[in-house]
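Taking it in order: structure first as structure tokens, then the write-up.
The values are calculated or read from the model by the stated rules, or taken from the named source; none is laboratory data. Computed from a predicted model, the values in this text were never measured in an experiment. Virtual Cβ from ideal backbone geometry, glycine too; neighbours counted across all protein chains shown.
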Amino acid sequence: MQPSGTKNNTDLENTRMTSITNFINNTRTHSESSRTAPVYNPATGEQTGTVTLSTADETRSAIAAAQAAFPNWSKTPSVVRARVMFKFKELLEQNRDKLAELISAEHGKVFSDAMGEITRGMEVVEFACGIPHLQKGEHSLNVGRNIDSDSLMQPLGVCAGISPFNFPAMVPMWMFPVAIACGNTFVMKPSEKDPSATLFIAELLAEAGLPEGVFNLVNGDKEAVDVLLTDERVQAVSFVGSTPIAQYIYSTASANGKRCQALGGAKNHMVIMPDADPQQVVSSLMGAAYGSAGERCMAISVAVCVGDEVADNLVEMMKSEIRQMRVGPGLGVEPEPHMGPVVSREHQQKIISYIDSGVEQGATLVVDGRGFKVDGHENGFFVGPTLFDNVTTEMRIYQEEIFGPVLVVVRVDSFDDALKLINDHEYGNGTALFTRDGDTARQFEENVQAGMVGINVPIPVPMAFHCFGGWKRSVFGPLNMHGSDGVRFFTRMKTVTRRWPTGIRAGAEFSMPTMK
Ligand code: NAD
């Protein structure tokens, strides 16, 4: 592998220290909080900003703004709400480069990857543009003689979103476009590690014509989150992050009478059958394991090889591919690195300690990413791509989510053993199978216990019009993100059964009816 790029760093690497505040009622609002957190450029290790850690009262004032905006917004016709989404989509397209730079500068991922994240988020905005159709509800004529029934899909009120660091644009866009399009108002609490992209999105929403108070953003940590989980004005909480926090969010929100969807961590396995095309497997695995430095909830972190021959071949090919990898800052280097730094010094150290534990527990360290340095970026939070072979199920590097550029190879004898391995793991977010055999693929699709399944597709992230979410301890709550689940999550059904006495039939309107 090659450390890449020591020159041509963009100005973003040397930005002045920014102060990242809240956004309430379409205005950046100064915080009175005495608590702040540092924001870093992971490529240099330098602090570039300070983010407000909002007080409970500030969080309550964001909820109050959302509460005040709800009556009018919820009565706004769905076509009008959709038009704001269309405009927002247009602004996202126009400001895509700037947004991608903000993501890269605080998260560390390479620019093209940040652009990809924005595309996936924009697809949810496109989905939300279809809300007049999606929120039509249900109608049955003559459920009894001359009696009709309608199921109305009404918005809930104030909804809250709490997002992780790894997709500061996409994950918030899994949540609020659907919520707002359905007529709810929203309070977003982004990750305190890379909050600028979400703040910029809030400004684009205001520019798109979203009325004051419909979308509000509070930066902060547990203090702000706990208000969102307990304040009785908040009706629903949408969360994405690590499993222990997801479980806490789900149990606390539910205990306080809110509906909650809480997506957690992952350990995604890719099964490689002997009949799979080796080159296709290796190309897919390289991107899926090391793209975004492995900090994706859909990253492949376990390669399950069926048979020693498959494993020997895979490890040799991966070793040579890893040697070709370019690792460097996410911005300002040509050609662009394949992989950037990880998000923080703390996370870098955590990943390294996982690698140490793999060695201590007897796995074969094929490529060691510890001590990896990029020239000119010696203080950056880099970890080199790491590959372990002969990993077994009792090792921590197999059991736990590392969330870094560490791929472990597990050897099994049969497809059934591979399937059992996946089904026995505590997580069940995504999984993939590489094979040319339809029968094996069918067995896998039907019997694997994971929420998102790829057949010869390494990262099977569902499109916005399908639902995103895992199984087992990768998710808490019955409804997943976007698609039909998203609309169901952010609306509640009211079923009206109606009978009219026979009577007047008059007052015809002859001009073309329009929405007013
Ligand atoms: P995290 O759980 O540390 O933080 C997520 C959010 O929760 C942040 O906004 C944070 O401020 C807040 N938070 C943290 N501790 C809290 C506490 N004690 N009380 C209340 N709120 C708290 O997650 P992260 O490190 O930002 O993100 C990485 C994790 O997210 C990984 O586990 C990854 O798998 C997961 N993730 C899952 C999905 C998915 O779709 N399942 C998608 C993206 C990320």
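Between Asn480, Asn423, Asn429, which is out of contact with any helix residue (DSSP H, G or I) (no Cβ under 9 Å at 6 or more places or on another chain) and closer than 25 Å to Phe239 by Cα?
Asn429
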Filter the stretch 274-299 for residues that are free of Cβ contacts under 8 Å to residues at least 60 places away in the same chain and in a loop (DSSP other than H, G, I, E, B) and give the result.
-> Pro274
Residues that are of a type outside the set (Gly, Ala, Ser), within 26 Å of Met170 (Cβ to Cβ) and either surrounded by fewer than 24 Cβ atoms within 10 Å (Cβ to Cβ) or modelled with pLDDT under 95 (or both), drawn from the stretch 235-259 | Gln235, Thr243, Pro244, Ile245, Gln247, Tyr248, Tyr250, Thr252, Lys258, Arg259
Among Val271, Val187, the single one that is modelled with pLDDT of 95 or more, more than 11 Å from the ligand (Cβ to nearest atom), part of a strand (DSSP E or B) and closer than 18 Å to Thr491 by Cα is Val187
Output for the stretch 470-499, where each listed residue is within 16 Å of Arg259 (Cα to Cα), crowded, with 16+ Cβ neighbours inside 10 Å and within 16 Å of the ligand (Cβ to nearest atom) | Val475, Phe476, Gly477, Leu479, Asn480, Met481, His482, Asp485, Gly486, Phe489
Does the stretch 31-54 contain any residue that is free of Cβ contacts under 8 Å to residues at least 24 places away in the same chain, surrounded by 15 or more Cβ atoms within 10 Å (Cβ to Cβ) and part of a strand (DSSP E or B)?
-> yes
Write out, first by first residue and then by second, each pair whose Cβ atoms fall under 8 Å of each other, whose residues are 6+ apart or on separate chains, and whose first residue, in the stretch 195-224, is in the same structural domain as Met170 (by the TED database) and modelled with pLDDT under 95 while the second is assigned to a helix (DSSP H, G or I) and within 14 Å of the ligand (Cβ to nearest atom).
-> none
State whether the residues of the stretch 131-148 include one that is in the same structural domain as Ser254 (by the TED database) and within 16 Å of the ligand (Cβ to nearest atom).
-> no
Filtering the stretch 361-396 for residues that are closer than 17 Å to Cys305 by Cα and either modelled with pLDDT under 95 or buried (at least 24 other Cβ atoms within 10 Å of the Cβ) (or both) leaves a count of 2
Take the residues in the stretch 153-179 that are in a helix (DSSP H, G or I) and in contact with a Phe, Trp or Tyr (Cβ under 6 Å, 6 or more places away or on another chain), then tell me which one is farthest from the ligand (Cβ to nearest atom).
-> Ala179
Of (1) more than 16 Å from the ligand (Cβ to nearest atom); (2) surrounded by 24 or more Cβ atoms within 10 Å (Cβ to Cβ), Phe200 fails just (2)
Kindly list the number of the only condition in (1) more than 16 Å from the ligand (Cβ to nearest atom); (2) in contact with a His (Cβ under 7 Å, 6 or more places away or on another chain) that fails for Val343.
-> (1)
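From the list Val383, Val408, pick out the single residue that is touching a Pro at 6+ places or on another chain (Cβ under 7 Å), in contact (Cβ under 8 Å) with a residue 60 or more places away in the chain and either in a helix (DSSP H, G or I) or outside the structural domain of Gly108 (by the TED database) (or both).
Val383
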Does Ser61 count as under 26 Å from Asn184 (Cα atoms) and assigned to a loop (DSSP other than H, G, I, E, B)?
-> no
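With the requirement that a residue be without any contact (Cβ under 8 Å) to a residue 24 or more places away in the chain and surrounded by 15 or more Cβ atoms within 10 Å (Cβ to Cβ), what does the stretch 425-451 give you? Walk me through how you get there before you give the answer.
Taking the stretch 425-451 as the starting set, the residues that turn out to be without any contact (Cβ under 8 Å) to a residue 24 or more places away in the chain are 438-439, 441-442, 445-446.
Ala441 - this is the single residue of the stretch 425-451 that is without any contact (Cβ under 8 Å) to a residue 24 or more places away in the chain and surrounded by 15 or more Cβ atoms within 10 Å (Cβ to Cβ).
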